[in-house]
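The structure under discussion appears below in the form of structure tokens.
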Amino acid sequence: MQMKSHVLCATEETRSVEVSKPEVLRPILGPAFERLIHASPDVLIEAVRKYGSPLNIVLPHVLMQNVEALRAVLHRHKVGYEIFYGAKVNKSPGLVRAAVEAGIGVDVSSIYEMRDALHAGIDPSRLCATGPAKTRLFHVALITHAALISVDSIEELDDLEAIVREIQPSHPVRVLLRYRPDRSASSRFGMEADTLVACLERLASLQGAFSFEGFHFHLSGYDDASRVKAMRELVYFVDVASRMGIEPTMIDIGGGLPVQYVDSDAYAAFLEAQHNSHYRNGKMPASFYPYGGQIDACEWIDRFLASPCVETMSIAEYLNAKHLTLAIEPGRSLADQTALSVFRVTRVKLLAADKAVAFVEGSSFSACETWFASEFLVDPILISTSLNGEHEALPTRVWIAGHSCLDEDVITHRLIHFSRRPREGDLLVYANTAGYQMDLLENEFHRHPMPRRISVSFDAAGGMQISPDDRMEYSNDFK
Ligand SMILES: *Cc1c(COP(=O)(O)O)cnc(C)c1O
């Protein structure tokens, strides 16, 4: 494959900018990414000059579009639904605000995530709290706000009962019970059948104090079939609860809706052809997120709803027959196409005639897949910032390292083919980093300041607005 298409745009008389199209794992770029990277690379260069490197750029309006796309599928199946944005996927307050403005709920797993959602103006009854280790403070805040609480264990239910006795809230505590599907028998999350039934009995006897709203599960992995199976397992418990006089009204199937980062054929070809020698450390990672999966989140939920449930009913028909609302908690898939991470190249060190390591301003804590013994299988896009007529292209295989003194601080072990060798001052743009990639592990190692995050929006006239989108963690206002 040869790289042919470049975008050239003169920014100054003596200097021009070139955006290279990656060749192997070319990121899928929605219109907003296209616009930022290809139509206005000079905006990225200027933003990095102003806010530093790495720079995380979020596009909150895209999250709203992702919500609309999911809604369209749910409407088509005529099911009652509730969408909770899985807020842990990214620390951006702007993305939480977009979720709230789109009119969906937020799945929070800490009092800090809850605070972001409240700051964004959420109706507190649209909060759903998951996670196995909620603190007493978090529980009290959830109860007083009449949020929905997914109870992970009978011990958690004990704690909630104690709090209810103590603070005597004015309304019943709204709970879901988290089920542990058969296929995750060794998981520490959720409850198996006996404990689940014991919780139901308890809730049936505490009807003034608690309002049982239904069942929840969340599975790791990304296939729809495992959710279909878990849903079928829950049918039995729906009947058990109904017989006890506590009719469930919601089934929450968690998150895990897939994201397509690269073309699925290109991805399959990459996996087929990859070899240890394609990695600078001579080692292919054992597993990857399915970056080039066959289906997107909409197709996934479509298949789920159309799958057989009981007797001749599909899941959608079963939910409707039982007056059950389907809840989903997408994190990664709502954050699809909502953020870019831009790293400025500090130095390129030649290791062989056609092999180099590029050091960037920033670390693998801001692009963290390598810390999970895996790799973000999306090629970065090179923005060459200082071309003049004399520079030859110099095709080179390059791996990308962070600026710390940790040997492990590698952003990309994979040797990426660039038909133009990156140079100091160039930018490497990783597209679609919002999902657990850009800020999960970010820190101030070496006392480098926290990377900045900015939010970009486009107005009807085609103008671009940039505003800071830093998070609020530094002040603890829960006193
Ligand atoms: C992490 C998590 C989610 C979101 O998962 P994604 O894979 O990002 O969609 C939803 N629900 C629960 C309980 C989670 O822990």
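If you fit an axis through the alpha-carbon atoms of helix 154-167 and take the longest principal axis of the Cα set of the chain, what angle between them do you get, 0 to 90°, nearest 10?
Approximately 70 degrees, to the nearest 10.
Can you find, among Thr385, His216, Leu70, the residue farthest towards the positive end of the dipole of the chain? Put +1 on the C-beta of Lys and Arg, -1 on that of Asp and Glu.
Among Thr385, His216, Leu70, the one farthest towards the positive end of the dipole of the chain is Thr385.
Could you list Ser150, Ser467, Ser264, Ser184 in order of exposure, starting from the residue whose Cβ has the fewest other Cβ atoms within 10 Å?
Ranked by crowding around the Cβ, least crowded first: Ser467, Ser264, Ser184, Ser150.
For the range 317-394, count all C-alpha to C-alpha pairs, find those more than 18 Å apart, and express that count as a whole percent of the total.
66 percent
Can you pick out the pairs among Lys21/Lys50; Lys21/Lys91; Lys78/Lys134; Lys50/Lys283 whose Cα atoms lie more than 32 Å from each other?
As for pairs spanning more than 32 Å Cα to Cα, those are Lys78/Lys134; Lys50/Lys283.
Counting only Cα atoms, I'd like the Rg/Rh figure for the range 217-373, Kirkwood definition for Rh.
We get a ratio of 1.14 for the range 217-373.
Checking a compactness column here: for the range 73-199, what do you get for Rg(Cα) / (2.2 N^0.38 Å), N being the number of residues?
1.11
Which of the GluC sites (Glu not before Pro) across the range 371-458 are loop residues per DSSP, with 11 or fewer other Cβ within 10 Å?
When the GluC sites (Glu not before Pro) of the range 371-458 are filtered for loop state and at most 11 Cβ neighbours within 10 Å, Glu390, Glu392, Glu408, Glu444 remain.
Per residue of the range 78-85, what does 6.51 cos²θ - 1.76 cosθ + 1.60 with θ = phi - 60° give for ³J(HN,Hα)? Whole Hz please, x for Gly and Pro, Karplus curve as stated.
6, 9, x, 9, 9, 10, 10, 6
Let's test this: bin the Cα-Cα distances of the range 146-305 at 5 Å from zero up to the farthest pair and state each bin's percent.
Values per bin, smallest distances first: 2, 8, 15, 16, 14, 11, 9, 8, 6, 5, 4, 2, 1.
Find the all-direction average of the projected area of the Cα convex hull for the range 181-248, expressing the result in square nanometres with one decimal place.
For the range 181-248, averaging the hull's shadow over all directions gives 4.7 nm².
Any idea what the dipole of the range 331-479 comes to, in debye rounded to 20, about its Cα centre with Lys/Arg Cβ at +1 and Asp/Glu Cβ at -1?
280 debye
What share of Cα pairs, in percent, lie more than 22 angstrom apart in the range 338-477?
That tail contains 43 percent of the Cα-Cα pairs.
Given H placed 1.01 Å from N in the peptide plane, which residues other than close sequence neighbours of Gly80 have an amide H under 5 Å from its amide H?
Under 5 Å from the amide H of Gly80 lie the amide H atoms of Leu326, each far enough along the sequence or on another chain.
Bin all alpha-carbon pair distances of the chain at 20 Å intervals from 0 and give each bin's fraction as a whole percent.
Spelled out per bin, shortest first, that is 23, 51, 23, 3, 0.
Would you mind telling me the antiparallel percentage of the DSSP bridges in the chain, rounded to 5?
That works out to approximately 50 percent antiparallel.
For the range 265-309, what is the per residue volume of the convex hull drawn over the alpha-carbon atoms, in cubic angstrom?
It is 99 Å³ per residue.
Determine the relative contact order of the chain: mean sequence separation of Cα pairs under 8 Å and six or more apart, normalised by residue count, in whole percent.
Dividing the mean separation by the residue count of the chain yields 21 percent.
At 1.306 mPa s and 10 °C, plugging the Kirkwood radius over alpha-carbon pairs of the range 380-441 into Stokes-Einstein gives what diffusion coefficient in µm²/s?
119 µm²/s
Only loop residues by DSSP count here, and only those with at most 15 other Cβ atoms within 10 Å; note down the trypsin sites (Lys or Arg not before Pro) in the range 81-154 that meet that.
Of the trypsin sites (Lys or Arg not before Pro), not one in the loops of the range 81-154 has a Cβ with at most 15 other Cβ atoms within 10 Å.
Evaluate the distance, in nm, between pseudo-label points positioned 7 Å from the Cα of Ala133 and of Glu155 along their respective Cα→Cβ axes.
Roughly 1.1 nm, to one decimal.
Give me the distance in nm between label points sitting 7 Å out from Cα along the Cα-to-Cβ direction at Ser220 and Ser287, one decimal.
0.6 nm
At Thr249 and Glu23, where each label point lies 7 Å from the Cα along Cα→Cβ, what is the point-to-point distance in nanometres?
So the two model labels end up 5.9 nm from each other.
Across bins of 5 angstrom width beginning at 0, how are the C-alpha pair distances of the range 8-108 distributed, in whole percent?
2, 10, 15, 17, 17, 13, 10, 7, 5, 2, 1, 0
So, with +1 on the Cβ of K and R and -1 on the Cβ of D and E, and no other charges, what is the size of the charge dipole of the range 137-195 about its Cα centre, to the nearest 20 debye?
260 debye
Multiplying the sequence separation of Asp123 and Ser16 by 0.36 nm and subtracting their Cα-Cα distance, what value in nm do you get?
Residue separation times 0.36 nm, minus the Cα-Cα distance, leaves 33.6 nm.
Return the equivalent ellipsoid semi-axes of the range 235-310 as a descending list in whole Å, where each equals the square root of 5 times an eigenvalue of the C-alpha gyration tensor.
Semi-axes from the Cα gyration tensor: 41, 15, 9 Å.
Which GluC sites (Glu not before Pro) does the range 242-332 hold that lie in a coil by DSSP with at most 16 other beta carbons within 10 Å?
Here the GluC sites (Glu not before Pro) that fit, given the DSSP loop and packing criteria, are Glu311.
Quick note: the coordinates plus some simple rules give every number you see, no bench work behind them. Keep in mind that this is a model prediction, so the values were computed, not measured. Glycine gets a Cβ as well: all are built from the backbone with ideal geometry, and neighbour counts include every protein chain shown.
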